[in-house]
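> Just dropping this structure here.
Any read-out appearing in this document is the output of simple, stated calculations on the displayed coordinates, not a laboratory observation. Predicted, not measured: the structure shown is a model, and the values here were computed from it. Backbone-built Cβ (ideal geometry, glycine too); neighbour counts: all protein chains shown.
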Amino acid sequence: MREKDLSGAFPEGREPAFPGTFMGSVTLRQLILAVVAVVSGCGIAPEEAAEAEVGVSEAELFQAPNLTKWAGGLVPICFVNGAPGPEVAWTQDALAKTWATAANIGFIYSSTCPFPGRPWHVQLTFDHITDNWGSRGVADIGMLSPARTTVAVCAANNPNGCRPGQVNAADYEESFRSVVVHEVGHLLGFLHEQQRTDATPICPLTMDSNSVIVPNGVNLTPTYDADSIMNYCRGWNGVAPLPYQVGYRGAELLSVGDAQGARAAYGVRRMTTSQSVSGTSARVTAVDAFGGPVPGASVFYNGAPIATLGQWFTLPPNNGSVCVIVPPECEYGHCTKPRRECEPGVVLEVRAANFTTAKVNIVR
Ligand SMILES: [Zn+2]
């Protein structure tokens, strides 16, 4: 994570989004965290929010009532317009490191809209802004045809120092990423955490353009999560900054509760293994549920790592029973029963962070 100089990081244009009731009793750090929380939220000044969110039933890892989830966890995203710099790449990178790592959620992208061949998709519009570098966004909830989201980008001629090499460039990048992850959280079906019925009253609902408790949403984590990326009061309990994520702010990262909630909604990210055997050597490979790589995975034998994915290793001794189901065989209408046949073999396990483990059986 980067270390950044906070002084002067927030241009005047963002102040109105911050409720005056907080101002009297907070330290600079608390103020910054709270402002970041607003930015991580939809960060929209109230007067803008009312207009921007018309027709959008927002409420955040707190699942919307009557949600239509993305089928198979696959979310096609197309870009309605371009960005002045690396924002498309940041979008893809931020989502890969957050929702797509935490749960069985995958993203595919198209540079043209509508998404070719995918009626159910997300249309992402970049709002090129010059009034401040700050971030804001708005999004629909759940799978729609299409679902829409708008995310602010620092325009090419923005005078507030947010383009590459300028004074606020690093803050802008982190803030932009946090808004993308937050808005895509809405698209996945999550509402604002402070709208749970058990949300601490310390997080004022008035910060939220949707200033209501949503009584019939689904709590995906057992308790209110002050650190959720879907929480306007992220990292803030009204008294002191809460233990936060590693790094400077980690504003673009998920909380532990966010990851748990995403798995509760979309399931654990699955993988499919395959194996090769050559003489006394073997190799195990795997792809994740969306055909991509399984990062950081190792092959375990009797509980101890024996190889990384794709690496050849010497087959260890048999350590279990490798069983297969033999399907029924039919002849002239008479069928055998399916049966389970077992023989001694090497039983391996593939483990990867945030993925299910997978059993691999090799008959020697
Ligand atoms: Zn929001």
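> Suppose R0 equals 51 Å. What FRET efficiency, 1/(1 + (r/R0)^6) with r the Cβ-Cβ distance, do V88 and K337 give to the nearest 0.05? Mind showing how you got there, number by number?
On the way: r = 56 Å, r/R0 = 1.09.
Using R0 = 51 Å, I get an efficiency of 0.35.
> Then there's this: With just the Cα atoms defining each centre, how far is the stretch 137-183 from the stretch 78-116? Give it in Å.
12
> Kindly write out, for the stretch 96-112 in residue order, the coupling ³J(HN,Hα) from the Karplus curve 6.51 cos²θ - 1.76 cosθ + 1.60 (θ = phi - 60°), rounded to whole Hz, with x marking Gly and Pro.
So the J values, rounded to whole Hz, are 4, 8, 10, 4, 6, 8, 6, 8, 7, 10, x, 10, 10, 10, 9, 7, 10.
> With each pseudo-label sitting 7 Å past Cα toward Cβ, what's the V80-K97 distance in nm, one decimal?
2.7
> Can you list the HN-Hα couplings for the stretch 64-81, worked out from phi with the Karplus curve (6.51, -1.76, 1.60; θ = phi - 60°), rounded to whole Hz and with x for Gly and Pro?
Calculated HN-Hα couplings, in order: 5, x, 6, 6, 9, 7, 6, 4, x, x, 8, 10, x, 10, 10, 9, 5, 9 Hz.
> Counting only residues 5 or more places away or on other chains, whose amide H sits under 5 Å from the amide H of V153 once H atoms are built in the peptide plane?
The list, which skips near neighbours in sequence, is D127, H128, I129.
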